[in-house]
Structure formats: structure tokens, C-alpha cells
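Everything below concerns the one structure shown next.
Each reported figure results from applying straightforward, stated rules to the coordinates on display, with no laboratory input. The shown structure was predicted, so the numbers you read here are calculated from the model rather than taken from an experiment. Cβ atoms come from the backbone with ideal geometry, glycine included; neighbour counts cover every protein chain shown.
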Amino acid sequence: MLPWVVRRTRLPLLSLRCVGCPSESATTGEGRFRVNANGKLLDVWLLVRCVSCDRTSKLTVHERTPVRSLDPAELGGYYANDPELVASRLLDPLFARRNRFTLDWKGAWRLDAPPAWLDGAMPVQVAVRFEDPVPVRPERLIAQGLGLSRNEVLRRVKCDSPLRRTTSAGFTFTVMPGD
Ligand SMILES: [Zn+2]
């Protein structure tokens, strides 16, 4: 079984309408949180910036949350702008839904696949693993990884996941010999 890995090369942009200009693209930039303590309650936001006019928006991470209910390490991460915490919040689907944005993965990920091996023995099995939740269509990813046309992929590949349905979950496929 050959291992393929899908991983991010940087954080994706956010598709998010700017209130100050017509742009619909924002970035976390260096990654900053803002924490506001009000008695025993905390508000935590992730700050994002319009890529066009630089206007900053606050996306809600925690809203009037009792301080005691937060893990101290997590809280420390917000104060320190921990890059891992920025990434995990940004990539959390619940956070995205709550703040009404989608992720724009264009140019933000890569496929790590062993070099060409199509001349070797067939059939070949490949296991695809996702280190980051990049939405891909298996058909496209396999075509890219093998250097095959999409028609050839449809003809020669048996996949345990629907080839044309976008997924971010691991899957395996088998490549059958060509003609
Ligand atoms: Zn803007």
C-alpha cells in the first residue's frame, strides 16, 4: 500500500464578506487572538484582516464563557497567539459555521506522493491520508498524483470513496493496469 499525504502549506484564506469594501477574502495573517475578561466571563476572538483594504474583523471563539470552564493551557494559548491554536480554531468546522465563512484552500496545500511508479507491477494500492481537512475530489487528486487524465482515472481506478464527491476523509484506491 503506497502512502499519499494531503497537507497544508500555509493557512487557507477565509471567504468572508468585508463590511468596508467589496472584497470577499480575509486572512488570519500572523494569527492573533483578542481576549476580553469581564469579571468571571471571557470573550475570545480571532482577528482576521481583509486582504484588500486591511480592515480587521473579530470572529467569535468564546462568548461570555466562564473562565473556570476553559483549560488553562488553552487560555494561555489565546494570550500567546499560539500558532497551533490559531490553526485549529480556523480549521474547526463549527467555528466556520458560527462565523459564516468558508475556507479558501486554493494554493494552500500540496499532495505528497512517491515519485512515478506506474511502470511497476499492477494493480497498485494507494492509501490517502489527510493531515489537514483540505476538501478534494478523489478523481482530481488521483489524476494529479498519477499524471493520468480524469477519463483514465474513471476507467482504471477502483476507489472505496465516491470519485466525484468532495471529501476530506482518508480513502484508499487501486489502480488497474492500462491497456
Ligand atoms: Zn475590505
*Hey, any idea what Rg/Rh is for the stretch 25-120, computing Rh the Kirkwood way over Cα pairs?*
1.13
*Which number do you get for Rg(Cα) / (2.2 N^0.38 Å) in the chain?*
1.30
*What's the local net charge at Val6, with K and R +1, D and E -1, over the other residues with C-beta under 13 Å away?*
+3
*Estimated vicinal HN-Hα couplings, Hz - the stretch 158-174 in sequence order (Karplus 6.51, -1.76, 1.60; Gly, Pro = x)*: 10, 10, 7, 10, x, 4, 9, 9, 4, 9, 10, 9, x, 8, 10, 8, 10
*Taking the chain as a Gaussian network, Cα atoms linked when under 10 Å apart, which of Leu146, Leu41, Leu111 shows the biggest mean-square fluctuation?*
Leu41
*Normalising by the residue count of the stretch 20-179, find the relative contact order in percent from Cα pairs under 8 Å and 6+ residues apart.*
16
*the stretch 126-168 to the stretch 25-59: how many Å between their Cα centroids?*
35
*So how do Lys58, Lys40, Lys106 line up by other beta-carbon neighbours within 10 Å, fewest first?*
Lys106, Lys40, Lys58
*For Asp104, list long-range residues whose amide hydrogen, built 1.01 Å from N in the peptide plane, is under 5 Å from its own amide hydrogen.*
Leu13, Leu14, Ser15
*Return the calculated 222 nm mean residue ellipticity for the chain, to the nearest 500 deg cm²/dmol, obtained by summing -39500 (n - 2.57) across DSSP H runs with n ≥ 4 and dividing by the residue count.*
-5500 deg cm²/dmol
